Amino acid sequence: MAKLNGIEFPVWYYSPKQLKNIFAPYFEKQYQKPVGLFIPPSYLNHFFVRKSFLLKALSVLETLFGSWSFLANNADHYLMILKKKSI
């Protein structure tokens, strides 16, 4: 559940596999990668203001592991590129 302006509502997140299956009849997956695997969410900016070394270390990890498609399910977000199937 998420809360915005005092109102609670359900929120869900499709996994890469679920999203691929939803679009499978008409699209095929070309590429996917994790986004935010190690980089913290923006609401934690205040924590990292004085810990720039830690943020840089996390950024290096993001760069090193950010192209490993199988880690997309473990990241805060992911990028998936789909291509329309030929008819």
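The values are calculated or read from the model by the stated rules, or taken from the named source; none is laboratory data. Because the structure is a prediction, the values reported are computed rather than measured. Cβ coordinates were reconstructed from backbone atoms using ideal geometry, including for glycine residues, and neighbour counts include every protein chain displayed. The protein model used for the area step is the full one, side chains on, heavy atoms only, and it has no ligands, DNA or RNA in it. Shrake-Rupley method; radii C 1.70, N 1.55, O 1.52, S 1.80 Å.
Each residue of the range 10-15 was assigned a 3J(HN,Hα) from its phi angle through the Karplus expression (A = 6.51, B = -1.76, C = 1.60, θ = phi - 60°), giving x, 10, 9, 9, 6, 6 Hz with x at Gly and Pro. Surface composition of the range 1-57: carbon plus sulfur atoms hold 63% of the accessible area, using a 1.4 angstrom probe and ignoring ligands, DNA and RNA. Shown here for the range 1-33: chymotrypsin sites (Phe, Trp or Tyr not before Pro) in loop regions (DSSP other than H, G, I, E, B) with at most 15 other Cβ atoms within 10 Å, namely Trp12, Tyr13, Tyr14, Tyr26. Would the range 1-46 count as rounded, prolate or oblate if I go by the C-alpha gyration tensor, calling it rounded below 1.5 in a/c and otherwise prolate when a/b exceeds b/c, oblate otherwise? It is oblate, given that a/c is not under 1.5 and a/b is not larger than b/c. Helical runs assigned H by DSSP (4 residues or longer) give the chain a calculated mean residue ellipticity at 222 nm of -8500 deg cm²/dmol, each run adding -39500 (n - 2.57) before division by the residue total. Is the chain best put as rounded, prolate or oblate by its Cα gyration tensor, with a ≥ b ≥ c the root eigenvalues, rounded for a/c under 1.5, and otherwise prolate when a/b is larger than b/c, oblate when not? Taking the square roots of the gyration eigenvalues as a ≥ b ≥ c, the chain is oblate. Exposure here means at most 14 other Cβ atoms within 10 Å; with trypsin sites (Lys or Arg not before Pro) in a DSSP loop as sites, the longest stretch of the chain lacking them is 1-49. For the chain, the relative contact order is 42 percent, taking Cα pairs closer than 8 Å that sit 6 or more residues apart in sequence and dividing their mean separation by the residue count. Straight-line cross-link partners of Lys17 among the lysines, defined as a Cα under 30 Å from its Cα and at least 8 positions apart when in the same chain: Lys3, Lys29, Lys33, Lys83, Lys84, Lys85.
Per-residue extension of 0.36 nm, minus the Cα-Cα distance of Leu4 and Ile22, leaves a gain of 3.7 nm for this segment.
Computed with a 1.4 Å probe over protein heavy atoms only, the accessible surface of the chain comes to 82 Å² per residue.
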